[in-house]
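The values are calculated or read from the model by the stated rules, or taken from the named source; none is laboratory data. Quantities reported herein were computed from a predicted structural model and do not represent experimental measurements. In this analysis, Cβ positions are derived from the backbone assuming ideal geometry, glycine residues included, and neighbour counts consider all displayed protein chains. We work out accessible area using only protein heavy atoms, side chains counted, and drop any ligands, DNA or RNA first. Shrake-Rupley method; radii C 1.70, N 1.55, O 1.52, S 1.80 Å.
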Amino acid sequence: MGSIAEPAPEINHSKPSKPPGIRFIEYTKGSSVSYKTYQALVLIITFFAYLTYHATRKTTSVVKSALDPQSPDVDLKSPFSWRRAYAHKPLESTRNSWVLGSGWAPFNGSDGTALLGELDVAFLFVYAVGMYFSGHVGDRMDLRIFLTIGMVGTGLFTSLFGVGYWANIHLFYYYLIVQMLAGLFQSTGWPSVVAVVGNWFGKKKRGLIMGIWNAHTSLGNITGSVVASILLKYGWGWSMVVPGLGIAFVGIILFFFLPVSPDSVGASIDDDELLSPKKEGEEMTESLLRTKSNDRDAVRFLEALRIPGVLPFALCLFFAKLVAYTFLYWLPFYISHTAIEGRYLSNEESGNLSTLFDVGGVVGGILAGHISDRLDARAITAASFMYCAIPALFFYRSYGHVSMTLNVIFMLITGMFVNGPYALITTAVSADLGTHSSLKGNSRALATVTAIIDGTGSIGAAIGPLLTGYISSRSWSAVFTMLMGAALIAGLLLTRLVVAEVAAKIQGSRTQELPRSRSPVMEV
């Protein structure tokens, strides 16, 4: 039981070394880095790290419309079918749908859309399975090294997908294997960055802080869409290689500067005024417990699964990510094959317009985090957003094609309600449950809990785009019906937690009213 300022026990079996970039900063300054500076570094570095993860993930949705510019074998009875769309499209416009004009074998055939769906599900299935292992490994090794390996590996295999353009590769299994390996390395990201942020920030205002921080997801999608759309006219290979190089570069920066935890860099908690016992007693206790328990064994998978709330939120995220990732992978494609005000947008225009969904997602993530902090009710907030997503999806599908203005408005609203609970659950909720009171101060569950929740969600993320690849060949209305059903189920899965939070609110209000009603008697 040492003092606060004493070095904390090791966070892993081998203590992480101080990043070389931090040592260089301290050498040039001639003094140690403050606790607040470390916190700022953590937020900035992890923000841009996961931004690049999502940027590389988003590029395939833009490239998809270049690989398969048209799907000729679609039922003409559907009013929004792709074949009907191209039948009404000028011949010259169809020919010039992208720089080479005729797609890329084997994705430009009658089964091209289904093959692209198989790429998505292969990537996301490996990503989901890898997530569980990444959480297990992340709680047991230096997260700075683990993240660096993941980012450089992601960059390598994202780039190799694009290399197929210059190498003139038309073998489906090449792209399938590359996507699967990219998904494996992508799975290192989320459990690790949430664990690092959770190590540096207490529970107070966690929803708001992580809601703002989680904007990296939507901004990464926007960056990936814009970069891929701009580079598409030079050849779709560039749309994959450039983001791949970008994430590898950021991974190297992370290796040099990311402080994984306070004890890994010898930072004293009492340097941070926000965690002083007088102001934030609860958070001080949480931080001390976290520090004193670092020598304990990492929490096992089944132990983490039994933490109250983990399973309901994991299942809710399954359906929430099914909706979110269907938009992530298919929205640019849907826009390019749907007439807006009677006009079909080019692939570049569709990719750029789809970024507005993520703009709404930024607002939704921040709003959900702030509301859940103010109400101290994560489940109520997440469920309410999922229920609101249902009419938003209906209006976007029904009226988004009427005018560009309505399309933009409904896309922003849909993005807000779809991404709001997704952002809340994968950040603040995961961090809350990773430091749950049932763990008795053991902090070495953050990455595992995050991996369980987001890994389960990622299975839904794999299923959504896969089903869309098949269902959309018949009708986009059926796709949106599927998404509305998934949003409803996501909200219903939190019913028990919502009831518990409502009951706690009622009990809390009664407890506050009781002293007031007795105060006159006490004064007498």
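On the basis of the beta-carbon distance and an R0 of 30 Å, SER31 and ILE252 show a calculated FRET efficiency of 0.70. In the context of the full set of protein chains, the range 305-391 has a per residue accessible area of 31 Å² (1.4 Å probe).
Count charges around LEU331 for me, please; just the other residues with Cβ under 11 Å from its Cβ, Lys/Arg as +1, Asp/Glu as -1. Net charge in that neighbourhood comes out at +1.
Backbone geometry of the range 382-391 corresponds, through the Karplus equation with coefficients 6.51, -1.76 and 1.60 at θ = phi - 60°, to 3J(HN,Hα) couplings of 4, 5, 4, 5, 5, 5, 5, 5, 5, x Hz, x marking Gly and Pro.
Ordering of 190-199, 209-218 by packing is 190-199, 209-218, highest average first (other Cβ atoms within 10 Å, averaged per residue). Between the listed residues SER475, ILE390, LEU497, the Cα displaced farthest toward the positive end of the dipole of the range 299-507, a dipole computed from Cβ unit charges relative to the Cα centre, is found at LEU497. May I ask you to derive the FRET efficiency for LYS233 and TYR387 from their Cβ-Cβ distance with R0 = 41 Å, giving the value to the nearest 0.05? Result of the calculation: an efficiency of 0.50. Please work out the Cα center distance from the range 193-260 to the range 327-350, rounded to the nearest Å. Going from one Cα centre to the other spans 25 Å. A simple packing score, the average count of other Cβ atoms within 10 Å per residue, orders the peptides 110-118, 257-265 as 257-265, 110-118, with the highest score first.
Rounded to whole numbers, the Karplus 3J(HN,Hα) couplings from phi for the range 249-258 are 5, 5, x, 5, 4, 4, 4, 7, 10, 7 Hz, using 6.51 cos²θ - 1.76 cosθ + 1.60 with θ = phi - 60°, and x at Gly and Pro. Around PHE172, what is the net charge, scoring Lys/Arg as +1 and Asp/Glu as -1 over all other residues with Cβ under 13 Å from its Cβ? In short, -3.
Per-residue Karplus couplings for the range 362-372, computed as 6.51 cos²θ - 1.76 cosθ + 1.60 with θ equal to phi - 60°, are listed in order as 4, 4, x, x, 5, 5, 4, x, 5, 4, 5 Hz, Gly and Pro entered as x.
In the range 136-213, Cα pairs under 8 Å separated by at least six residues give a relative contact order of 41 percent.
Extension gain for LEU305-LEU245 works out to 18.0 nm (0.36 nm per residue, less the C-alpha to C-alpha distance). Taking amide H atoms as placed 1.01 Å from N in the peptide plane, the amide H of ILE340 lies under 5 Å from those of LEU345, each 5 or more residues away in sequence or on another chain. For chymotrypsin sites (Phe, Trp or Tyr not before Pro), no site in the range 304-389 is both called loop by DSSP and has at most 10 other Cβ atoms within 10 Å.
The accessible surface of the range 299-507, taken with every protein chain in place and a 1.4 Å probe, is 70 percent carbon and sulfur. Distance between the pseudo-spin-label points of ALA105 and ASP376 (7 Å out from Cα toward the beta carbon): 6.6 nm.
For the pair ILE149 and THR495, the difference between a 0.36 nm per residue extended length and the Cα-Cα distance amounts to 120.6 nm. Once you sort the root eigenvalues of the Cα gyration tensor of the range 299-507 as a ≥ b ≥ c, which label holds: rounded (a/c under 1.5), prolate (a/b larger than b/c) or oblate (the other case)? Prolate is the answer for the range 299-507, as a/c is 1.5 or above and a/b outweighs b/c.
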